[in-house]
Amino acid sequence: MKLKSPWLIKPNIKVRLVRCTTNATDDLTPEAAAAVLTAHRARLSNLQEVLYASQTHSVLIVLQGMDTSGKDGTISHIFSGVNPQGCDVASFKTPTPLEARHDFLWRCHAQTPACGMIGVFNRSHYEAVLFPRVHKQVSPKDVKRHMDDINDFESMLAENNTLILKFFLHISNAEQKKRLQARLDDPDKHWKFNFSDLTERKLWSEYQKAYEDVLSQTSKKHAPWFVIPSDHKTFRNLAISATIADAIEGLKLKYPKPTVDVSKIKL
């Protein structure tokens, strides 16, 4: 499948995030942007129905980004119109004792979408090559081995008719500070704040380097990365929803043939 997007990371490209804008906008008014997003959701809903009916392919959406980049907001804004029966969301944080006793992909493979389903990973198998690397809990050799494992894992999924779309929600350091401050200023958002957010923020440069390596080494034709400018939430939502809808439409799915001759049925 050929995907066209200004945010697509082509295979074998060395990514430098400082050269990727976080601040893209469009010329739409808030009302016009809302109307476009509504149209994208309706389109995605129709495509999801055919996906569910055909039972020939699955779709895996991977969302990654720094704290406050908007992974939760992306899910709620884009997938609110999709039939809940056809969409599952999984989040991967600190492994449980049981998960830690298996290989790092075990818990993720168990959550991959079945044919007919859309699966969304709100954080994903890439956590194994981000947090542990930044905190020097694994060696560079292990990081390289894990990324090779991820490439093999995603290749296997693609060979089994899973459409994989991976989005890095790219925000600036200044925007993250603004969003963290907003959580502190709004009592209704205090539950979102964690002191670990400040600890991780101090490691901004280390995370940027880790993400650059991930984007450079694991963006493949069958499992592409998109670096989405995410300082503006409306632009983020429109860019991601359009990319997903275009990609699913590119599968050229069709409803299955009926198993009965409905022309002979009278009620």
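The values are calculated or read from the model by the stated rules, or taken from the named source; none is laboratory data. For clarity, every value in this text was computed on a predicted model and none was experimentally measured. No Cβ is skipped: glycine too gets one built from the backbone with ideal geometry, and neighbour counts run over all protein chains shown.
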Residue satisfying all of: in region 173-202; hydrophobic (A, V, I, L, M, F, W, C) and in contact with a Phe, Trp or Tyr (Cβ under 9 Å, 6 or more places away or on another chain); surrounded by the fewest Cβ atoms within 10 Å (Cβ to Cβ) among these
184
How many residues are under 17 Å from the mean Cα position of the chain (by Cα) and among the hydroxyl-bearing types (Ser, Thr, Tyr) if we restrict to region 194-240?
6
Out of curiosity, is residue 52 in contact with a strand residue (DSSP E or B) (Cβ under 6 Å, 6 or more places away or on another chain), in a helix (DSSP H, G or I) and touching a residue at least 24 places away in the same chain (Cβ under 8 Å)?
no
Count, please, the residues in region 228-261 that happen to be hydrophobic (A, V, I, L, M, F, W, C), over 20 Å from residue 48 (Cβ atoms) and surrounded by fewer than 22 Cβ atoms within 10 Å (Cβ to Cβ).
2
Filter region 13-33 for residues that are free of Cβ contacts under 8 Å to residues at least 24 places away in the same chain and over 20 Å from residue 65 (Cβ atoms); which is surrounded by the most Cβ atoms within 10 Å (Cβ to Cβ)?
32
Restricting to region 234-267, and then to whatever is touching a residue at least 24 places away in the same chain (Cβ under 8 Å) and not in a helix (DSSP H, G or I), can you tell me which residue is nearest to residue 32 (Cα to Cα)?
250
Output the number of residues of region 8-39 satisfying the condition of being closer than 14 Å to residue 221 by Cα and out of contact with any Leu (no Cβ under 7 Å at 6 or more places or on another chain).
5
Name the single residue that is surrounded by the fewest Cβ atoms within 10 Å (Cβ to Cβ) among those in region 65-95 being β-branched (Val, Ile, Thr) and out of contact with any helix residue (DSSP H, G or I) (no Cβ under 8 Å at 6 or more places or on another chain).
94
Please go through (1) within 19 Å of residue 220 (Cβ to Cβ); (2) in a helix (DSSP H, G or I); (3) at pLDDT 95 or above for residue 128 and return the number of the only condition it doesn't satisfy.
(3)
Any hit, region 87-99, residues being touching a strand residue (DSSP E or B) at 6+ places or on another chain (Cβ under 8 Å), in a helix (DSSP H, G or I), farther than 29 Å from residue 176 by Cα and of a type outside the set (Phe, Trp, Tyr):
no
Which number in (1) in contact (Cβ under 8 Å) with a residue 40 or more places away in the chain; (2) part of a helix (DSSP H, G or I); (3) closer than 22 Å to residue 105 by Cα; (4) among the aliphatic types (A, V, I, L, M) marks the one condition that residue 180 misses?
(3)
Subset of region 162-193 [closer than 30 Å to residue 117 by Cβ and either among the basic types (Lys, Arg) or in contact with a Leu (Cβ under 9 Å, 6 or more places away or on another chain) (or both)]
162, 163, 164, 165, 166, 167, 168, 169, 170, 192
Conditions: (1) outside any loop (DSSP other than H, G, I, E, B); (2) more than 18 Å from the chain's Cα centre (by Cα); (3) surrounded by 15 or more Cβ atoms within 10 Å (Cβ to Cβ). Residue 39 meets all but one. Number of the miss?
(3)
Filter region 203-217 down to the residues that are hydroxyl-bearing (Ser, Thr, Tyr) and out of contact with any strand residue (DSSP E or B) (no Cβ under 7 Å at 6 or more places or on another chain) and list them by number.
205, 207, 216
With (1) under 18 Å from residue 63 (Cβ atoms); (2) modelled with pLDDT of 95 or more as the list, and residue 213 as the residue in question, which single condition is left unmet?
(1)
On the basis of being out of contact with any Ser or Thr (no Cβ under 7 Å at 6 or more places or on another chain) and more than 27 Å from residue 5 (Cβ to Cβ), does residue 167 make the cut?
no
